[in-house]
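Right, one structure below, let's go through it.
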Amino acid sequence: MVRAPALITLTAAAGAAGLGYVSVVERNMFRLRRYDVPVLADGARPVRVLHISDAHLTPRRRRLMSWIRTLDALDPDLVVNTGDSIAHAAAVRYFLDALGPLLERPGVFVYGSNDLYSPVPKNPARYLWRTSATDHAREVPDLPWAELGAGMIAAGWLDVNNARGRVKAGDLDIEVAGVHDSHVKRDRYEQIAGPADPAADLRLGLLHSPEPRVMDRFVADGYDLLLAGHTHGGQICLPLRGALVTNCGIEPARVSGLHRHPAAGQPALDGRRAWLHVSAGLGTSPWAPARFCCPPEATLLTLVPATGDPGPPG
Ligand SMILES: [Fe+2]
């Protein structure tokens, strides 16, 4: 029979081990996901897109920075950053330094709310019963989001926060449009509204939070591929079941990974259905430093012809 003091000691030890696992082990268990996305014209050469999101970087996260530095070896043709890159006033230079040679490649980005507002103390598990949409009740951003954007723009990356533009990646002429973070109502789709250019080789939509009302508009305008982050893949998930929450309007089945929008099984919008990739993200808020059954990630999307013709090797 186990005596009460021993039981208390055992319980405390198990709790400490669990906390150590979710906050140290799994939070640094970085993985690269890979998907082929059949979205290009027949015969097009495959193009590699590296999708990063939600680094929430602070100067102390050296293992995260080291892992980001390894991603250039994937030789991506395009880098997409869907926001929440920083979580500390001094993190901009660390983030840009971690990107390193990736900044010399074509890139596009949008902000997430956490690029504007510093993190606040909170219960790490509260995502399970409420969203973070009211976390940023402060009126004036207190993080150096403009400095962050200027660093990426100076490297040649395209800022598509409520903006449209054009980027060349591999052999592709890509029309890109994006919105600022809808999670804190900074999205202004009306500024980018209108049919996407049918003459482009690909029409790419970026948004931090995969909000269905915004994604519907991208699809209606003819965008082929939508990239988003924000969900952290649910962050604290259940074995075998997966995410419990998404922290936005999308359902848990599409909390991360490659899907369609509208989802398979739902009616298409005017006959259109885009591809959707949601990144589970690279980090966590410093005040919610835990991941369970949801390791941090980046994704390499290989865009290939939709017709079954793989095209020449990339
Ligand atoms: Fe995030």
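I need the trypsin sites (Lys or Arg not before Pro) found in the stretch 160-237, filtered to DSSP loop residues with at most 14 other beta carbons within 10 Å of theirs. Walk me through the intermediate numbers first.
Values: sites: R164, R166, K168, K185, R186, R188, R203, R213, R217; in loops: K185, R186, R188.
In loop regions of the stretch 160-237 (DSSP not H, G, I, E or B), the sparsely surrounded trypsin sites (Lys or Arg not before Pro) are K185, R188.
Order the peptides 111-117, 73-79, 219-225 from the highest to the lowest mean number of other Cβ atoms within 10 Å of their residues. Don't skip to the end; give the middle numbers.
Details: 111-117: 25.9, 73-79: 18.7, 219-225: 20.7.
Averaged packing, sorted descending, gives the order 111-117, 219-225, 73-79.
May I ask you to derive the FRET efficiency for L269 and R241 from their Cβ-Cβ distance with R0 = 25 Å, giving the value to the nearest 0.05?
Numbers: r = 30 Å, r/R0 = 1.19.
Approximately 0.25, to the nearest 0.05.
Of all DSSP beta bridges in the chain, what percent run antiparallel (nearest 5)?
Working: 19 of 52 bridges.
Beta bridges within the chain, antiparallel portion: roughly 35 percent.
Quick one: which residues, 5 or more positions from D36 or on another chain, have an amide H under 5 Å from its amide H? H modelled 1.01 Å from N in the peptide plane, none for Pro or chain starts.
Placed amide hydrogens put T302 under 5 Å from D36.
Which whole-Hz couplings ³J(HN,Hα) result when phi for each residue of the stretch 206-212 is put into the Karplus expression 6.51 cos²θ - 1.76 cosθ + 1.60, θ = phi - 60°, listed in order with x for Gly and Pro?
In residue order, the calculated couplings are 10, 7, 5, 9, x, 7, x Hz.
Applying the Karplus parametrisation 6.51 cos²θ - 1.76 cosθ + 1.60 with θ = phi - 60° to the phi angles of the stretch 141-146, what ³J(HN,Hα) value in whole Hz is obtained for each residue in order, glycine and proline being reported as x?
x, 10, 10, x, 4, 5
Near the amide H of G107, under 5 Å away, which other amide H atoms are found, from residues 5 or more places off or on another chain, if H is placed in the peptide plane?
Those lying under 5 Å, H to H, from G107 are V79, L158.
For the stretch 221-268, which semi-axes, largest first and in whole Å, follow from the square roots of 5 times the eigenvalues of its Cα gyration tensor? Could the numbers behind the result be given before it?
Details: eigenvalues 95, 30, 15 Å².
Three semi-axes, in Å: 22, 12, 9.
So, by mean Cβ neighbours within 10 angstrom, what's the order for 263-274, 291-302, 228-239, 61-72 with the highest one leading?
Numbers: 263-274: 12.5, 291-302: 21.0, 228-239: 23.9, 61-72: 17.3.
Top of the packing list down: 228-239, 291-302, 61-72, 263-274.
Give, rounded to the nearest 20 debye, the magnitude of the charge dipole that the chain has about its Cα centre when Lys and Arg contribute +1 at Cβ and Asp and Glu contribute -1 at Cβ.
On the way: 33 positive and 32 negative charges, 269 e Å.
For this selection, approximately 1300 debye.
Whole number in Å², please: accessible area per residue of the chain, 1.4 Å probe, ligands, DNA and RNA not counted.
Working: 13390 Å² over 314 residues.
I get 43 Å² per residue for the chain.
Rounded to the nearest 500, what is the chain's calculated 222 nm mean residue ellipticity when only DSSP H runs of at least 4 contribute -39500 (n - 2.57) each, over all residues?
Details: 5 runs with 53 residues, N = 314.
The helix contribution divided over the chain gives -5000 deg cm²/dmol.
How big, in percent, is the set of alpha carbon pairs in the stretch 161-273 lying more than 21 Å apart? Display every interim value, and only then the final one.
On the way: 2461 of 6328 pairs.
The proportion of pairs with Cα distances above 21 Å equals 39 percent.
Once neighbouring chains are kept in place and the probe is 1.4 Å, which whole percent of the accessible area of the stretch 164-314 is contributed by carbon and sulfur? Could you put the intermediate results ahead of the total?
On the way: 3070 of 5580 Å².
Here carbon and sulfur together make up 55 percent of the probe-accessible area.
Whole-Hz ³J(HN,Hα) for each residue in the stretch 185-190, computed from phi via Karplus 6.51 cos²θ - 1.76 cosθ + 1.60 with θ = phi - 60°, x for glycine and proline: what do you get?
6, 9, 6, 10, 4, 4
Using the Kirkwood radius over C-alpha pairs as Rh, can you work out the diffusion coefficient of the stretch 143-211 via Stokes-Einstein at 10 °C, viscosity 1.306 mPa s, in µm² per second? Let's see the in-between values first.
Numbers: Rh = 13.0 Å.
For these conditions, the coefficient is 122 µm²/s.
Kirkwood Rh and Cα-based Rg: tell me the resulting Rg over Rh for the chain, rounded to two decimals.
Working: Rg = 19.8 Å, Rh = 19.9 Å.
Using Cα coordinates only, the ratio equals 0.99.
The values are calculated or read from the model by the stated rules, or taken from the named source; none is laboratory data. Everything numeric here is computed off the predicted structure, so don't read it as measured data. Note: ideal-geometry Cβ built from the backbone for every residue, glycine included; neighbour counts use all protein chains shown. The area values use the complete protein model at the heavy-atom level, side chains included, leaving out ligands, DNA and RNA. Shrake-Rupley method; radii C 1.70, N 1.55, O 1.52, S 1.80 Å.
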